[in-house]
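Quick note: the coordinates plus some simple rules give every number you see, no bench work behind them. Everything numeric here is computed off the predicted structure, so don't read it as measured data. Cβ placement follows ideal geometry from the backbone for every residue including glycine, while neighbour counts extend to all protein chains displayed.
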Amino acid sequence: MSDNTNKPKKEELFSVKNRKLLSNPMGKDNPITVQVLGICSVLAITVQLKTSLVMAISVMAVMAASNVIISLLRNTIPPRIRIIVQLIVVASLVILVDQVLKAFVYDVSRQLSVFVGLIITNCIIMGRLEAFALSNKPWPSFLDGIGNAAGYGAVLLTVGFFRELLGSGTLFGYQVIPNFLYNIGYVNNGFMILPPMALIVVGVIIWIQRYKNPELVDVS
Amino acid sequence: MKALIQFVENKIQPNFEKGGKFHKFHRSFEAFQTFLYVKGDVTRQGSHIRDAVDMKRTMFHVVIALTPVLLFGMWNAGLQHYRALGMDVSFWNEFWFGFLRVLPIVVVSYVVGLAVEFIFAEIRNHEVNEGFLVSGMLIPLIVPVTTPLWMVALATIFAVIIGKEVFGGTGMNILNPALLARAFLFFAYPAFMSGEIWINTTLREGQALVDGFSGATPLAMLAANEVQNLPSVLEMFLGTIPGSIGETSTLAILIGALILIATGVGSLRIILSVVVGGLFMGLLLNLFSVNEFMAIPPYYHLIMGGFAFGAVFMATDPVTASQTPRGKYIYGFLIGVLTVLIRVLNPAYPEGMMLAILLMNVFAPLIDHYVVEANMKRRLKRMKPSTVKVQA
């Protein structure tokens with residue numbers, strides 16, 4: 001956009017525009033609660049906080065790296081085969097992430113099972129590549145990738161927090177709900193372990209967000 | 001009486017009107033005021049015809065219809081308790097025991113549910129919806145008598161918020177809130193909703209359970225292939241069997257059904273088609289008769305478990321059922337079919353009524369849509385030949 005102007009002004013690394021790239025996906029442009037993308041992984045891997053965190057970091061790594069790579073290649077990719085090129089880039093990165101997870105956090109990698117591989121099909125990543133990286137410079141693309149992955153991760157962690165706390169009484173595997181509550185009759189909520197409850201929790205997050213941000217409510 | 005009305009209107013009401021001390025809470029005040037008396041408000045412009053039976057009265061008819069079921073449920077809770085202990089006590093002792101166990105559940109359900117309703121009414125600035133009068137009575141009737149009270153409270157909150165308020169309150173909900181409360185309990189706390197939990201067996205000193213005591217419901221017996229242990233048809237019809245508080249007595253439910261049909265609140269079409277659907281599927285399974293559960297007479301399905309209760313009080317919920325007459329037949333029939341299907345063929349869920357009704361609640365708008373479409377097509381077809389004739 002601005003690189004075609006006659007006197008290209010050097011933009012600051014963290015200009016207002018660039019900072020927006022980071023902050024918008026956390027709020028009114030959140031990939032999950034506003035664009036409603038990537039719901040599948042939210043349902044599948046948020047039973048525990050630990051898996052949610054690992055997933056969020058993995059997606060952030062893949063997203064930032066693929067955004068930068070595609071942005072660097074953007075002028076050389078023939079438009080007709082761009083989707084395939086994007087897929088190859090994302091798939092290679094996912095394989096890297098998968099290997100790293102297997103090497104360092106094997107148990108979590110086992111729990112995530114197929115969903116690490118399925119990061120390839122995460123619509124948020126493809127969406128950002130198509131919508132942003134293909135037409136922007138590497139640095140803003142990098143920020144955009146980090147921002148969107150952070151927005152995705154924030155929702156993931158919120159859902160994971162409530163599901164693990166109410167479903168298993170633990171956080172990161174440590175028991176949080178005191179024993180005396182169990183003794184007086186408290187029971188973990190088995191519904192929280194089931195995927196439908198993740199959908200309901202996401203729904204409640206969307207509800208609260210739109211209640212605070214009336215501009216997001218689409219009138220139909 | 002008149003003095004009381006005068007007192008409320010002249011002394012208390014001004015506090016809640018504009019400029020009054022408690023204007024913020026005028027929605028809550030109106031809800032209580034209209035509980036017994038219709039306010040004297042009249043529409044000033046245009047002509048409006050208003051039936052004296054507004055939503056509050058409609059809901060009240062259902063509560064009245066539920067009373068026999070509730071009273072029977074109380075007695076049955078006591079009866080089952082003393083039977084498990086092998087004690088022979090008087091009718092009133094049995095009733096009193098059940099009364100003390102059931103009443104807290106009813107109170108918790110109403111207090112919690114209405115509190116949520118009032119909070120939402122104040123936040124959203126709309127009138128308090130009366131829908132919970134019925135839901136609050138239904139929830140206690142479809143849980144086991146041993147359910148912990150905090151679970152009832154949690155399920156009620158879930159049902160009112162997720163089942164009703166997110167969709168916009170009474171009349172907008174897709175799923176029956178009371179059934180949603182039960183579904184929540186069923187999936188969240190399975191240990192408290194299935195198994196040997198139907199009878200309150202709290203023991204005092206010097207008491208012991210009868211030898212060979214089994215707290216299983218008829219459906220659980222059938223699922224375990226124990227046909228020989230099944231109670232007699234008369235027992236199952238009268239309801240002196242283990243089960244959720246309100247679901248056991250087909251007789252009490254029939255009295256409720258008569259009240260509902262007489263007052264025009266419940267739909268006879270739905271009740272009948274649910275029964276026909278259940279009988280049809282029962283007969284169909286009889287043809288195969290692979291195991292003993294499939295071979296039981298179809299009418300057993302009507303008097304076991306929650307079939308009768310669901311058919312009369314749950315499926316007929318005017319909000320979540322189909323609206324068109326033909327749609328009601330399809331909706332009810334499919335509920336009956338699915339219930340028996342889930343009961344007999346799915347070992348994980350001994351009772352299919354809840355899941356069948358919730359599923360058909362979701363499909364009800366679709367059924368209505370196609371019924372209306374079919375009607376339009378039929379009428380268009382009727383029109384065509386005549387237009388052709390005119391042209392010729």
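Helix by helix, which DSSP H runs in chain A go 27 Å or more along their axis at the Cα atoms and have an average Kyte-Doolittle hydropathy of -1.0 or more?
A:49-73, A:82-104, A:138-168
Please compute one quarter of the surface area of the Cα convex hull for the protein assembly as shown and express it in square nanometres.
The directionally averaged projection comes out at 44.6 nm².
Give me A:D218, B:D88, A:D29 sorted ascending by neighbouring Cβ count inside 10 Å, so fewest comes first.
Sorted ascending by nearby Cβ count, the order is A:D218, B:D88, A:D29.
Roughly how large, in nm² to one decimal, is the mean projection of the convex hull of the alpha-carbon atoms in chain B?
Answer in nm², one decimal: 27.2.
So what is the 222 nm mean residue ellipticity for the protein assembly as shown from helices alone, if each DSSP H run of at least 4 adds -39500 (n - 2.57) and you divide by all residues, rounding to the nearest 500 deg cm²/dmol?
-19500 deg cm²/dmol
Anything over 30 Å Cα to Cα? Flag those among B:K56/B:K377; B:K11/B:K56; B:K2/B:K56; A:K20/A:K102, in the order listed.
B:K56/B:K377; A:K20/A:K102
Kirkwood hydrodynamic radius, computed over distinct alpha-carbon pairs, for region B:214-301: how many Å, to one decimal?
About 14.4 Å for region B:214-301.
Starting from the Cα gyration tensor of region A:36-206, multiply each eigenvalue by 5, take the square root, and state the resulting semi-axes largest first in whole Å.
Square roots of five times the eigenvalues give 35, 15, 12 Å.
How large is the convex hull of the C-alpha atoms of region B:227-382 per residue, in Å³?
Expressed per residue, the convex hull around the Cα atoms of region B:227-382 is 123 Å³.
With +1 on the Cβ of every Lys and Arg and -1 on the Cβ of every Asp and Glu, and nothing else charged, how large is the dipole of region A:36-206 about its Cα centre, in debye rounded to the nearest 20?
The calculated dipole for region A:36-206 is roughly 340 debye.
Write down the Kirkwood hydrodynamic radius of region A:1-127, to one decimal in angstroms, obtained as one divided by the mean of 1/r over all alpha carbon pairs.
16.5 Å is the Kirkwood radius here.
Counting only trypsin sites (Lys or Arg not before Pro) that are in a DSSP loop and have at most 16 other C-beta atoms within 10 Å, tell me the longest site-free stretch of chain B.
B:205-392
What helices does chain B hold that run 20 Å or longer along their axis, going by alpha-carbon atoms, with a Kyte-Doolittle average of 0.0 or more, using DSSP H for the helix calls?
Membrane-span-like by this rule: B:55-84, B:91-124, B:268-288, B:325-345, B:353-391.
Taking chain B as a Gaussian network, Cα atoms linked when under 10 Å apart, which of B:L260, B:L103, B:L279 shows the biggest mean-square fluctuation?
B:L103
What Kirkwood hydrodynamic radius do you get for region B:301-392 when you take the inverse of the mean 1/r over all pairs of distinct Cα atoms, in Å?
Result for region B:301-392 stands at 14.9 Å.
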